[in-house]
Amino acid sequence: MPTPIDEKTLKRLEELARIEIKSDAENKLLKDLQKILEYFEELKTIDTENVEPMAGGTVETNVFREDKPSDKRQTASDRLIEQFPEKENGFLKVPAVFENNNE
Amino acid sequence: MEINNLTIGKFHEGLLKKQFSAFEATEAFFNRIGEKDGEIGAYLRLTKDLAFSQAKKADADIAEGKKTGILAGVPLAIKDNILIEGEPATAASKILANYRAAYDATAVKKLKDGGAVFLGKTNMDEFAMGSSTENSAFKITKNPRDLERVPGGSSGGSAAAVAADMCVAALGSDTGGSIRQPAGFCGVVGLKPTYGSVSRHGLIAMASSLDQIGTLTKTVEDASILFKAIAGKDEMDATSVNYQSQVDYRPENVKKLKIGLPKEYFIEGTDKNVLAAINGAIENLKSLKMEFKEISLPRTKYALSCYYIIMPAEVSANLARFDGIRYSRITNHESRIMNLMDSYLKNRGEGFGKEVKRRIILGTFVLSSGYYDAYYAKAQKVRRLIKEDFDRAFEDVDAILTPVSPTTAFKIGEKTDDPLAMYLSDIFTIPVNLAGLPALSLPAKTDGLPVGFQLIGKPFREADILGIGRFFEESGRKS
């Protein structure tokens with residue numbers, strides 16, 4: 001059966017995942033992915049009718065804690081802010097989201 | 001006296017008898033690292049200032065006659081995806097090259113409170129993705145038992161550091177075998193605890209429903225000590241569970257346990273040397289009057305596919321936070337005009353290594369519209385079936401014995417071009433993570449290239465597998 005990933009799909013995935021793959025590496029990545037997806041074909045042979053999906057490893061349900069700020073967390077977030085590569089007044093500075101139209 | 005090869009128990013004894021101070025021991029380990037780590041490459045960074053201040057504190061406590069716990073002054077290594085406040089934590093990725101941990105992982109905090117000494121952060125596959133530690137962005141680690149071979153991975157640095165006596169014991173993390181496989185390859189003991197038994201707070205997340213912090217040690221007894229120290233419920237990890245971990249060793253209880261041998265794990269394609277060593281370990285346990293039973297885990301062969309859908313899906317979500325903006329910046333924004341989208345594409349494209357990118361793309365694919373049901377939802381159902389296999393088996397037996405890996409440590413570079421071949425090296429360890437079970441990897445033989453065997457336990461029954469492991473280990477010491 002034809003594999004569901006082709007060059008066009010890969011380009012779309014790069015965009016969705018926000019990862020640029022260098023053009024000389026794309027071919028190898030595509031081949032690797034196709035080989036892996038081919039391996040997954042075996043899952044088609046297992047009957048999962050009426051099987052409840054298993055979403056996680058935990059045995060716990062509905063774990064609650066009190067919704068109150070903690071000093072410990074404040075200290076940790078201060079330390080994180082300290083490390084931002086670019087910041088202004090305690091805020092993270094990011095590049096422009098939109099193109100500059102004032103050309 | 002030789003300090004470097006001591007177990008935790010012997011170290012504690014020596015310290016209390018004043019055969020050495022914690023400071024001297026720490027120096028001895030840094031000397032050993034200075035001599036050996038040039039050729040092995042287990043550590044990414046040493047945390048000398050922290051280590052010596054911790055050692056001085058332990059010595060002062062002993063001098064003052066304060067109650068001294070078993071971990072006081074014990075020099076440990078910590079995998080680089082586990083946070084120690086104020087110290088670098090890169091997860092062996094360029095995208096975290098300049099990051100310093102803002103807080104302690106809960107497991108680290110517990111060890112600190114126990115008085116342990118942290119020597120440094122160990123090398124690993126980038127973000128714990130790999131089975132050989134060759135995917136580190138910074139360097140490769142060599143197997144201390146044969147420098148041409150890989151130490152396994154992703155906790156290869158921790159396993160190598162323990163094997164080469166460059167620490168007493170180490171912490172690692174295990175998502176699909178990342179503690180057990182390197183422990184097997186390097187000839188040390190690796191424990192992957194039950195999902196939820198050790199807090200994951202402060203572990204840089206890879207696949208949150210599979211990740212677990214665990215231990216790499218020289219003996220099973222040390223694994224019990226270290227596990228006991230880090231286990232327990234933590235309000236910072238909602239999946240952590242409160243239970244009484246009974247890990248006290250009682251040989252008379254161990255002898256009552258029945259061990260299952262799943263036929264699906266003793267298959268063609270497994271290296272003859274591995275099978276011979278595993279069979280040797282089984283014979284040894286039989287001669288100790290342990291009872292065995294052949295069992296079946298029929299869905300085993302689907303575990304690899306199931307894992308390589310669920311894990312990348314979780315990876316693609318967890319690693320979204322590494323955007324080149326909040327942590328380290330890879331590309332230089334001043335050099336060209338760039339909008340936010342370009343910045344993401346470039347930073348993530350250049351900041352992540354090949355394997356990490358492969359898994360993020362694969363995870364994005366299996367979660368994408370049109371493919372979600374065929375891959376991700378299907379894999380979640382198969383995961384349930386795999387867990388049910390174990391549930392059924394554990395109605396008959398108390399523990400399950402299998403090989404850890406189909407081969408011994410492979411040569412450096414042997415599998416780097418073929419991801420699928422690399423993935424297959426984890427076929428015996430992956431089902432345990434899918435089912436959330438505890439498992440122990442321990443050396444089946446002591447000569448030649450190491451071979452590990454795996455003991456899988458019921459949920460929260462670390463005591464059973466640690467007990468059988470110790471029973472095996474002590475019988476070997478006597479013979």
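Estimated from helical segments only, the mean residue ellipticity of chain B at 222 nm is -12000 deg cm²/dmol, where each DSSP H run of four or more residues counts as -39500 (n - 2.57). 3J(HN,Hα) couplings calculated from phi for segment B:20-27 with the Karplus curve 6.51 cos²θ - 1.76 cosθ + 1.60 (θ = phi - 60°) are, in sequence order, 7, 9, 4, 4, 4, 5, 4, 4 Hz; Gly and Pro show x.
In order along segment B:303-308, the Karplus-derived 3J(HN,Hα) couplings, from 6.51 cos²θ - 1.76 cosθ + 1.60 at θ = phi - 60°, round to 5, 5, 4, 4, 5, 7 Hz, and Gly and Pro are given as x. In order along segment B:177-191, phi translates into HN-Hα couplings of x, 5, 9, 5, 5, x, 4, x, 5, 9, x, 10, 9, x, 10 Hz, rounded to whole numbers, per the Karplus curve 6.51 cos²θ - 1.76 cosθ + 1.60 with θ = phi - 60° and x for Gly and Pro. When only the Cβ of Lys, Arg, Asp and Glu is charged (+1, +1, -1, -1), the dipole of the protein assembly as shown relative to its Cα centre reaches about 820 debye.
Between B:Phe292 and B:Ile259, the built amide H atoms are under 5 Å apart, and every one of these is 5 or more places off in sequence or on another chain. Here's how it looks for B:Arg149: its modeled amide H is under 5 Å from those of B:Asn143, B:Ile412, which are all 5 or more places away or on a different chain. Measuring between their Cα centroids, segment B:221-240 and segment B:434-479 lie 19 Å from each other.
What the Cα convex hull of the protein assembly as shown gives, in volume per residue, is 170 Å³. Which one of B:Ala303, B:Tyr327, B:Ser316 is farthest out on the positive end of the charge dipole of segment B:302-378, using unit charges on Cβ (Lys, Arg +1; Asp, Glu -1) and the Cα centre as origin? Of the options given, the answer is B:Tyr327.
When the alpha-carbon atoms of segment B:103-232 are used, the pair Rg, Dmax equals 13.3, 39 angstrom.
Contact order for segment B:302-378, expressed relative to its length and based on alpha carbon pairs under 8 Å spaced 6+ residues apart, stands at 45 percent. The charge dipole of segment B:338-439, taken about the Cα centre with unit charges on the Cβ atoms of Lys, Arg (+1) and Asp, Glu (-1), comes to about 460 debye, rounded to the nearest 20. If I model a spin label as a point 7 Å beyond the Cα along the Cα-Cβ vector, how far apart are those points for A:Lys31 and B:Arg326 in nm? Simple spin-label model gives 3.7 nm for this pair. Separation of segment A:1-43 from segment B:253-329 is 28 Å, based on Cα centroids. For B:Ala377 paired with A:Val63, estimate the spin-label separation in nm (one decimal), with each label point 7 Å from Cα along the Cα-to-Cβ line. If labels sit at B:Ala377 and A:Val63, their model points lie 2.8 nm apart. The GluC sites (Glu not before Pro) of segment B:1-87 that meet both conditions, a loop assignment by DSSP and at most 15 other Cβ atoms within 10 Å of the site Cβ, are B:Glu2, B:Glu64. Using the structure shown, list the pairs from A:Lys11/A:Lys31; B:Lys94/B:Lys192; B:Lys286/B:Lys445; B:Lys10/B:Lys112; B:Lys218/B:Lys293 with a Cα-Cα distance above 18 Å, or answer none. From the list (A:Lys11/A:Lys31; B:Lys94/B:Lys192; B:Lys286/B:Lys445; B:Lys10/B:Lys112; B:Lys218/B:Lys293), the Cα-Cα distance tops 18 Å for B:Lys94/B:Lys192; B:Lys10/B:Lys112; B:Lys218/B:Lys293.
For the pair A:Thr75 and A:Glu15, the difference between a 0.36 nm per residue extended length and the Cα-Cα distance amounts to 18.1 nm.
Values in this text are rule-based calculations from the coordinates and carry no lab data. Please read all numbers here as calculations on a predicted model, not as lab measurements. Every residue, glycine as well, gets a Cβ built from its backbone with ideal geometry; the counts of neighbours run over all protein chains shown.
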